[in-house]
Amino acid sequence: MKRVLAINSSPKRGKSNTSLILNPFLDGIKEAGADVELFYTRDLEIKPCTGEFNCWVKHPGECYQQDDMKQLYPKLEEADILVFATPVYVDGITGSLKNLVDRMIPLIKPIIEIREGHCRHPPRKRVRKGQLVLVSNCGFWELDNFDPVVLHMKALCRNMSRIFAGALLRPHGSALKTMMKMGQPVDDVFKAAKEAGHQLIDDGKMSPETLITISRELLPLEMYLQGVNREFRQALNALTIK
């Protein structure tokens, strides 16, 4: 049975727009027979890396800090598939996920080797060389707003000797909940997210067609802008009235 470790770094936990895509994806993974553990960074104490390199030279493979990374390290080491879920924050991942990623350096050795023509750190023997999947939501309308985050995850995979298995991306994701309340046809997005989970476990990969459906246009740009800006203006007007 494949082990899947999912990290949701949205501060809104299970009520987030990111969870709207992540949850059916994980449901599909479970239905396909994999074991899934889900953690929310909001519920974890993960201190920033202090750059002491104790985990490399004083106590190889062990971080000196005593926090919730202690329980995550064995799970990170044993996971066949890592799922990192994050909203796009200022063109990148959330700070809480970045803290977690920075604290993963005990999983690699300090020695630098040339791998595929590039300087890399080799993983420790106890760390599985599995896959990584990105699940991300963005408030901006265009799909290319995810480019920095996708590049970051691909670089992380190269450095951690993992295979980047793909990304479930949901641009103008804040429209999903509104469209659901209005009864608009968005079920295909959630069905595609669930199907992506099945495909990942059954086939070892997710089809481009499935990922395109998850990222499909929900409504025209101008209509989206009108709706989002109207909500913000109403919130600002309410403050003025008070």
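Below are the figures for this structure:
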item: Residue (of P171, C63, A32) at the positive-pole extreme of the chain, dipole from beta-carbon charges; result: C63
item: The chain: DSSP helices with Cα axial extent of at least 18 Å and average Kyte-Doolittle hydropathy no lower than -0.5; result: 17-31, 147-160, 221-241
item: Rounded to the nearest 20 debye, dipole of region 3-241 from Cβ charges on Lys, Arg, Asp, Glu; result: 560 debye
item: Rg(Cα) / (2.2 N^0.38 Å) computed for region 3-241, rounded to two decimals; result: 1.08
item: For peptides 91-100, 111-120, 29-38, 226-235, sequence by mean Cβ density within 10 Å, most packed first; result: 91-100, 29-38, 226-235, 111-120
item: Spatial separation of Cα centroids for region 51-115 and region 169-206, in angstrom; result: 29 Å
item: Gyration tensor verdict on region 1-101 (Cα atoms; rounded if a/c is under 1.5, prolate if a/b is larger than b/c, oblate otherwise); result: oblate
item: Gain on full stretching of the segment that runs from I111 to T178 - 0.36 nm per residue minus C-alpha separation; result: 19.1 nm
item: Label point at D80 placed 7 Å out along Cα→Cβ; residues across region 187-217 whose backbone nitrogen lies under 13 Å; result: 198-205
item: Separation in nanometres of the label points that stand 7 Å from Cα toward Cβ, at R124 and E62; result: 1.0 nm
item: Cross-link reach list, lysines versus K125, counting only Cα pairs under 26 Å and skipping chain neighbours closer than eight places; result: K2, K47, K58, K70, K75, K98, K109, K154, K205
item: Debye, to nearest 20: dipole size of region 110-156, +1 on Lys, Arg Cβ, -1 on Asp, Glu Cβ; result: 640 debye
item: Test item: Cα-centred dipole of region 27-130, Lys/Arg +1 and Asp/Glu -1 on Cβ, debye; result: 500 debye
item: Added length on full extension, which subtracts the Cα-Cα distance from 0.36 nm per residue, E31 to S207; result: 61.6 nm
item: Derived scalar couplings ³J(HN,Hα) [region 55-61; Karplus, 6.51 cos²θ - 1.76 cosθ + 1.60; whole Hz; x for Gly, Pro]; result: 6, 9, 10, 9, 9, x, x
item: Relative contact order of the chain, defined on C-alpha pairs under 8 angstrom at six or more residues apart (%); result: 22 percent
item: Extreme residue, positive dipole direction of region 3-241, given options V101, S16, T50 (C-beta unit charges); result: T50
item: Other-chain or far-sequence residues with amide H under 5 Å of W141's (modelled H); result: H172
item: Within straight-line cross-link reach of K129, aspartates and glutamates at Cα separation under 15 Å, skipping those fewer than 8 residues along the same chain; result: E77, E78, D80
item: Hits among lysines - C-alpha to C-alpha of K181 under 30 Å, sequence gap 8 or more where chains match; result: K12, K15, K30, K191, K194, K242
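FYI, it's all coordinate maths here, none of it is from the lab. Please read these numbers as outputs of a predicted model, since none were measured by experiment. Neighbour counts are summed over all protein chains in view; Cβ atoms, including those assigned to glycine, are modelled from backbone coordinates with ideal geometry.
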